[in-house]
Amino acid sequence: MIRSFLSTFFFLFVLLSYGQINGNKDGLQFNSTTIKVTLLGTGDPQPIMERFGPSILVQAGVEVLLFDAGRGCLQRLQQINLTYDRINALFLTHLHSDHIVGLPDLWLTGWLISKRSVPLTVFGPKGTKEMIMYLQQAFSFDINIRIEDDKAPIDGSRLSVTEIQQGTVYEKNGVKVIAFEVDHGPVKPSFGYRIEYNGHSVVLSGDTRYSENLIKYARGTDLLIHEVVIAPDTLSKSDPKYAIFAHHTSPEQVSKVFNEVKPKLAVYSHIVKLYGRNENELIKRTRANYSGLVIIGEDLMSFTIDDTVSINEWRNK
Ligand SMILES: [Zn+2]
Ligand SMILES: [Zn+2]
C-alpha cells in the first residue's frame, strides 16, 4: 500500500518535473519547422507594469532574433528562460527611446549573467552606429571592470553594428529578414520587418502611420503585428498630443491595412491610447471595418506559425 502510494507519488513527481522542464525550455526552439513569435513588450513610452516597452522575439529554426529592445526586454526574456547568449541578432526599427532604452540592460547585464562570448550583431537605421558608440563609451568603466574583475569574456561585451537600407538584411539557416521603410513622420528612416522561414512569414510594422509600402511588403503574410493609436474623434491639430496621433496609425487606417494584407491573424502591439481611450473601443472600431481575425496583443503572448497560426496565452506573469 505504502509502496504503491510512493510509486504513484514518484510518477507524479516525474510527470511534474517533465512539465517543468518543458516549460523552462519553452523559450528555446531548435530545428523546428515553425516560426514562434513572442511579444516581450507591447506598450509605448508610458512606464506601466502591464505593458513593457516594444520588443518582439522571433524564433525560426536555430535562429533567435530580437526586434527592438524596449524597457524590460531582459526581464521578459528571463521569464521565458531565454538568455542573452542565445540571441543571434538584434534589429532596431528606429531610434525613438522607447524602442532602445532596454538595450544597455539587455547587453551589459545579459553579458554578465550569461557569459556570452561573441559580439551581438545589431542592425538598425542610420544613426545606430553613433548611438552604440556613445553607449559603449558611457559604459566603458563597467565594461573594463567586468573584464578585469569578473573575468567576463571580452568579445561578449562587443556590439557589431550594421546600418541598413530597405531590402534583405539577414539571411541565415533558412531564415530571411527583409527590412522595409515605413512612414513615422519626421523619424526617418524607420523600418518594419518581414521575417520568412519555411514558406511562412511574420511582419512587424514598427512605428508607422498608414503606409502603402508596409502593405506591399506585408501582403499575404501569415501573421501581421501592427501598431496603433487611438484618440478621440475631436482631437484637433492644435492639441499638444496631435503630433503623437499624426505619427501613428488609427484603428480605421489599420483596418484598411488588414483588409489589403489579409493576414491569417492580425495582432495589435505598441498600443498608444490618448485621452482615456480604451482597448474595447479599439477592437470595436477595428471590427467595424475588418471582419478577419484580430486580437490585442499582451506581454508574453506568443504565436506559432505553420500552416495555421496559433495563439499561446501566458498565464504566469
Ligand atoms: Zn514607439
Ligand atoms: Zn516611434
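The values are calculated or read from the model by the stated rules, or taken from the named source; none is laboratory data. Remember, it's a predicted structure, so these values are computed and weren't measured experimentally. Neighbour counts are summed over all protein chains in view; Cβ atoms, including those assigned to glycine, are modelled from backbone coordinates with ideal geometry. These area figures cover heavy atoms from the full protein model, side chains too; ligands, DNA and RNA do not enter into them. Shrake-Rupley method; radii C 1.70, N 1.55, O 1.52, S 1.80 Å.
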Q.
Test of understanding: in a Gaussian network model of the chain with alpha carbons linked when under 10 Å, which of GLY199, GLY185, GLY110 would top the mean-square fluctuation ranking?
A. GLY199
**Q.** Gyration tensor verdict on the stretch 127-243 (Cα atoms; rounded if a/c is under 1.5, prolate if a/b is larger than b/c, oblate otherwise)
**A.** oblate
Q: Please list, in chain and number order, the residues 5+ apart from ASN312 or on another chain whose amide H is under 5 Å from its amide H, with Hs placed from the backbone.
A: SER302, PHE303, THR304
Q: Starting from 0 in steps of 10 Å, tell me what percent of the Cα-Cα pairs of the stretch 77-152 lands in each bin.
A: 16, 51, 30, 2
Q.
Can you tell me what share of the DSSP beta bridges in the chain is antiparallel? A percent to the nearest 5 is fine.
A. 60 percent
**Q.** Entries of LYS36/LYS216; LYS151/LYS176; LYS115/LYS172; LYS129/LYS256 with Cα pairs more than 31 Å apart
**A.** LYS151/LYS176; LYS129/LYS256
(Q) Connecting C-alpha atoms closer than 10 Å in a GNM of the chain, tell me which of THR93, THR109, THR286 has the biggest fluctuation. (A) THR109
Q) For GLU281, GLU148, what's the largest-to-smallest order of accessible area, 1.4 Å probe? A) GLU148, GLU281
Q. Relative contact order for the stretch 253-317 using alpha-carbon pairs under 8 Å, separation at least 6, rounded to a whole percent?
A. 35 percent
Q | Rounded percent of accessible protein surface that carbon and sulfur make up, the chain, 1.4 Å probe | A | 54 percent
Q: Please work out the FRET efficiency for the pair SER291 and ARG315, using the Cβ-Cβ distance as r and a Förster radius of 30 Å; give the result to the nearest 0.05.
A: 0.55
Q) For the stretch 22-123, which chymotrypsin sites (Phe, Trp or Tyr not before Pro) are in a loop by DSSP, counting at most 10 other Cβ atoms within 10 Å? A) PHE30
Q) Which percent, nearest 5, of DSSP beta bridges in the stretch 45-162 are antiparallel? A) 35 percent
Q: Give the Cα extents of the stretch 229-317 along the principal axes, in whole Å, largest first.
A: 47, 33, 20
Q. Taking only the alpha-carbon atoms of the chain, what semi-axes of the equivalent ellipsoid follow from 5 times the gyration tensor eigenvalues under a square root, in whole Å, largest first?
A. 33, 27, 19
Q) Could you give the length gained on full extension between ASP233 and GLN165, defined as 0.36 nm per residue of separation minus the Cα-Cα distance, in nm? A) 20.9 nm
Q. Rolling a 1.4 angstrom probe over the protein heavy atoms, how many square angstrom per residue are accessible across the stretch 278-317?
A. 59 Å²
Q | Rounded Å value of the spacing that divides the Cα centres of the stretch 235-275 and the stretch 164-228 | A | 17 Å
Q: Grab the DSSP H runs of the chain that are 4 residues or longer, score each as -39,500 (n - 2.57), total them, divide by all residues and round the 222 nm result to the nearest 500 deg cm²/dmol.
A: -8000 deg cm²/dmol
Q. Taking the chain as a Gaussian network, Cα atoms linked when under 10 Å apart, which of LEU214, LEU95, LEU135 shows the biggest mean-square fluctuation?
A. LEU135
Q. Contour minus end-to-end for TYR134 and GLU212, with contour as 0.36 nm per residue of separation and end-to-end as the Cα-Cα distance?
A. 24.6 nm
(Q) Just the number please: accessible area per residue for the stretch 91-143, 1.4 Å probe, all protein chains included, in Å². (A) 44 Å²
